[in-house]
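Each remark here refers to the structure printed beneath this line.
The values are calculated or read from the model by the stated rules, or taken from the named source; none is laboratory data. Computed from a prediction, not measured in an experiment: that's the story for all the values here. For neighbour counting, all protein chains shown are included, and Cβ atoms are generated from backbone atoms with ideal geometry for every residue, glycine included.
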There are 2 protein chains.
Amino acid sequence: MDNLAHSNETTSRPATRSRISPAEALQLVLDTATQLPAEPMPMLETLGLVLAEAVAVDRDQPPFDRAMMDGYAVPEGAAGSELSVIDQVAAGGVSPVRLGEGHCVEIMTGAPAPAGTAAVVPKEHTRPGEKGVLLPKQITPGQHVVPRGSECREGEVILRPGDRVDALAIAAMASFGKTSVRVIRRPTLAIVTTGAELIPADGVPGESQIRDANGPMLWAMAQGLGLAPVGLAHAGDQIDTILENLERFSDCDVLIVAGGVSVGRFDFVPEAVTQVGAELIFHKVRQKPGKPLLFARRGDQLIFGLPGNPLACHICFHRYVGPAIRKMQGQDPNRAELTGRLTEPVEPRRGRTHFVLGMVDEVVGAGPLPSVRPLPGKSSADVFRAVGPNCYLEIPPRPDTIPAGASISFTRLDKI
Amino acid sequence: MDNLAHSNETTSRPATRSRISPAEALQLVLDTATQLPAEPMPMLETLGLVLAEAVAVDRDQPPFDRAMMDGYAVPEGAAGSELSVIDQVAAGGVSPVRLGEGHCVEIMTGAPAPAGTAAVVPKEHTRPGEKGVLLPKQITPGQHVVPRGSECREGEVILRPGDRVDALAIAAMASFGKTSVRVIRRPTLAIVTTGAELIPADGVPGESQIRDANGPMLWAMAQGLGLAPVGLAHAGDQIDTILENLERFSDCDVLIVAGGVSVGRFDFVPEAVTQVGAELIFHKVRQKPGKPLLFARRGDQLIFGLPGNPLACHICFHRYVGPAIRKMQGQDPNRAELTGRLTEPVEPRRGRTHFVLGMVDEVVGAGPLPSVRPLPGKSSADVFRAVGPNCYLEIPPRPDTIPAGASISFTRLDKI
């Protein structure tokens, strides 16, 4: 390892950024994350993903003059007359009839109107006659018929690269027979936790041990973004096991390492990241919690070194990992920065942006600004009081208390 | 079947409601849907679900006096003196030392402070001395130590029945060793499409056929609510195949039948639902699209008969099926009814509420009301123009045009 460390000293790299602002850190993350390649995927698995190809109409929609009511397809000039019913056509069927004077075809909703149809007359507007049906005195030409191609024309592009697939896009693709479609793929993601004091959630902790909260929490946050993490490993706090796991997950698009990013005697993550040849892009951000945040790139892989305390881990995923994942998927990376009104005073931190979990009203338009309530938390490791938040308040570094009623920036948490 | 129909006539049932308002229909759905039973589930699979049990702290948090910095655990009255370093303790380790006058223990972040610790002095505030370390003149009692139990006490309830599981709740459960937890389970759901003109998305349609859009669209909408539908079947438009599928999916909590709910010659769903012994709760709602909506109950099963046109299907899932599913899962059933300002005039429908897909600004607090733009659509079957909406406008039945700038109710679409 001495050799490795030595060889690193001889390569020239841009100086690692340190103690930058949260905005600078986010910008560096987004400058580094790039959109992933597209791949074909079965239509039903693309919900929420971004299209990488245009989807065009395969044939006119509707593909025939479609009856919109149950009734009679009638020819021109038939108002007020009695017509004989010479055929019947249901949805899925075809009538060979060409409508002419004196006759009509009984037709069901969704069926193709026979040639020569001028209108469809709903059954309830007719009366039985001696040889057929008696039609009303008023028939509007074209009534209750949707003409072929009136919704869209064969070849017309309905979905475009960059469109996000929602249920309506699925409906359109199904209609056009587009059962496989090219989308920007999801990143693969692995989570490595570090810390000799940690045991898994199903273990019985010894006197000085605690159960790992970060692994399951980060797994859940990745799930919330639609990802299924490919691995969750624990690396203790020896540099060898950390290096082993950096190697093991070298193929992932995103690798999250939680803990061990500070400058303590057992904080080997910065060193390990450099030893595997990754480019350290920044280390330490002027924020609380989450000051030790580390960000590096190894080839196309993004490596996030998140602080070990769970609340720091949580804000760093929300504010940096989430945007990177969205950018990789071709989506708008950032959650909108919104403005609310504080329900109670908050204490800024000198020189550091303070991120605080909070609750914001769902209601829009009830007043000029929604109310935002910071949630209590006794320490930056206190994940237990923080149940049920739906936003993060961003409290700027200022010398004085920000009073109740002041306006405050916030971002919504990802919905799960 | 005659026998079945006959036996139905002899049972007394409340009269089926017909042509009710959308609000009355939603109320009937919510009066009928009941919360599902709880079941134990692996912690990592509960994201988004509602807890059915309290989760308590299994031991004090932190479980020991925890060092928050790398440095030295020192006894009382040590400020300004030199102490010999008689032990070292890392996270996960334990020092058997009881601190007394004249000595200290080197300690790492996350490690348990030895007995007798008055404070932790960060390494960078000390200097090497002749026999040990020289301490600063000022040491605040308790500094950089989080006392045992200061975050929460053993037995304290942190998560309660009714709380929704988010990533922070997962972190808390992991910390307490709660790897399996009782949650209100998700409903099972099946989708049956009807209509003789429909073929699957991977088929080649004949002259009078179209590909089914509703099955895949409803599947995607269920996915968007976190459900994995247990079945998707096509039943043509013969009553026998519809009855067969009602039988096949009799065990599901929610059964959606799309198409065949109107009053046409081949609209057998209302009859089939009655024949299998379901209680028809309402049929037809004063809305556009989606007027033929049918809702029934068979034992604990909810049956939704959605109209066959895709936009009608979409609004009916959004407005009636989604709330039922949320209520069954113990969640707040309704999407908030929000108010926005119309960007352009809209034409109300006489006697019917008109639901129109639209776009609303993400921004909150930019002004008193967000802008809401209705999306164009040529007919109520025209699903192809409706790509990218994020809300539904609810246009009340009024005789006159509602002008641009007027306020309008809307609900957000479920995020996917």
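Numbers at a glance
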read-out	value
Lone unmet requirement of (1) in contact with a Lys or Arg (Cβ under 9 Å, 6 or more places away or on another chain); (2) within 30 Å of B:ASP251 (Cβ to Cβ); (3) of a type in the set (Lys, Arg) for B:ARG182	(1)
So A:ASP332, is it part of a loop (DSSP other than H, G, I, E, B), acidic (Asp, Glu), in contact with a Gly (Cβ under 6 Å, 6 or more places away or on another chain) and within 14 Å of another protein chain (Cβ to nearest Cβ)	no
Candidate set: the stretch A:86-130, residues that are loosely packed, with under 15 Cβ neighbours inside 10 Å and among the charged types (D, E, K, R); chosen: the one nearest to the chain's Cα centre (by Cα)	A:GLU124
Whichever residue in the stretch B:187-210 is part of a loop (DSSP other than H, G, I, E, B) and in contact (Cβ under 8 Å) with a residue 40 or more places away in the chain and, among such residues, is farthest from B:LEU227 (Cα to Cα)	B:ALA196
Any hit, the stretch B:261-272, residues being under 20 Å from B:ASP31 (Cα atoms) and under 31 Å from the mean Cα position of the chain (by Cα)	no
Options B:VAL261, B:VAL285: the member that is touching a Pro at 6+ places or on another chain (Cβ under 9 Å) and at pLDDT below 95	B:VAL261
Residues (assigned to a helix (DSSP H, G or I) and more than 7 Å from chain A (Cβ to nearest Cβ)) located in the stretch B:145-181	B:MET173
Residue satisfying condition, being more than 11 Å from every other protein chain (Cβ to nearest Cβ) and under 38 Å from the mean Cα position of the chain (by Cα), within set B:GLU53, B:GLU82	B:GLU53
Residue under evaluation B:THR193, criteria (1) facing chain A (nearest Cβ under 7 Å); (2) surrounded by 24 or more Cβ atoms within 10 Å (Cβ to Cβ), criterion not met	(1)
Residue match in the stretch B:98-113 (condition: away from every other protein chain (no Cβ under 11 Å), of a type outside the set (Phe, Trp, Tyr), in a loop (DSSP other than H, G, I, E, B) and without any contact (Cβ under 8 Å) to a residue 24 or more places away in the chain)	yes
Odd one out for A:LEU413, checked against (1) more than 8 Å from chain B (Cβ to nearest Cβ); (2) at pLDDT 90 or above; (3) closer than 24 Å to B:LYS415 by Cβ	(1)
Residue in the stretch B:231-238 that is more than 24 Å from the chain's Cα centre (by Cα), closer than 30 Å to A:SER95 by Cβ and acidic (Asp, Glu) present	yes
Which numbered condition B:PRO376 misses (of (1) at pLDDT below 95; (2) within 11 Å of chain A (Cβ to nearest Cβ))	(2)
Residue list for the stretch B:206-248, restricted to those being within 7 Å of chain A (Cβ to nearest Cβ), surrounded by fewer than 21 Cβ atoms within 10 Å (Cβ to Cβ) and either in contact with a strand residue (DSSP E or B) (Cβ under 9 Å, 6 or more places away or on another chain) or small (Gly, Ala, Ser) (or both)	B:GLU207, B:SER208, B:GLY224
The lone exception for A:PRO368 - which of (1) at pLDDT 80 or above; (2) out of contact with any strand residue (DSSP E or B) (no Cβ under 7 Å at 6 or more places or on another chain); (3) facing chain B (nearest Cβ under 9 Å) it fails	(1)
Conditions (1) within 25 Å of B:GLY195 (Cα to Cα); (2) surrounded by fewer than 22 Cβ atoms within 10 Å (Cβ to Cβ); number of the one not met by A:GLY71	(2)
Subset of the stretch A:395-416 (residues that are among the polar types (S, T, N, Q) and under 10 Å from A:LEU338 (Cβ atoms))	A:SER409, A:THR411
Pick from the stretch B:390-416, criterion touching a helix residue (DSSP H, G or I) at 6+ places or on another chain (Cβ under 7 Å) and not in a strand (DSSP E or B), ranking: farthest from B:MET221 (Cα to Cα)	B:LEU413
Lone unmet requirement of (1) modelled with pLDDT under 95; (2) in a loop (DSSP other than H, G, I, E, B); (3) farther than 30 Å from B:THR411 by Cβ for B:PRO14	(3)
Residue within the stretch A:211-220 that is without any contact (Cβ under 8 Å) to a residue 12 or more places away in the chain and not charged (D, E, K, R) present	no
Residue within the stretch B:59-67 that is assigned to a loop (DSSP other than H, G, I, E, B), of a type outside the set (A, V, I, L, M) and within 21 Å of B:PRO187 (Cβ to Cβ) present	no
Of residues in the stretch A:175-190 being closer than 30 Å to B:ILE210 by Cα and of a type in the set (Val, Ile, Thr), the one surrounded by the most Cβ atoms within 10 Å (Cβ to Cβ)	A:VAL183
Residue tally, condition at pLDDT below 95 and in contact with a Lys or Arg (Cβ under 9 Å, 6 or more places away or on another chain), over the stretch B:96-110	3
Test for B:ALA201: is it within 9 Å of another protein chain (Cβ to nearest Cβ), within 20 Å of A:MET221 (Cβ to Cβ) and surrounded by 20 or more Cβ atoms within 10 Å (Cβ to Cβ)	no
Residues that are more than 10 Å from every other protein chain (Cβ to nearest Cβ) and more than 25 Å from B:VAL204 (Cβ to Cβ), drawn from the stretch A:56-79	A:TYR72, A:ALA73, A:VAL74, A:PRO75, A:GLU76, A:GLY77, A:ALA78, A:ALA79
Residues satisfying the stated conditions in the stretch A:383-410, i.e. surrounded by fewer than 15 Cβ atoms within 10 Å (Cβ to Cβ), more than 9 Å from chain B (Cβ to nearest Cβ) and small (Gly, Ala, Ser)	A:ALA404, A:GLY405, A:ALA406
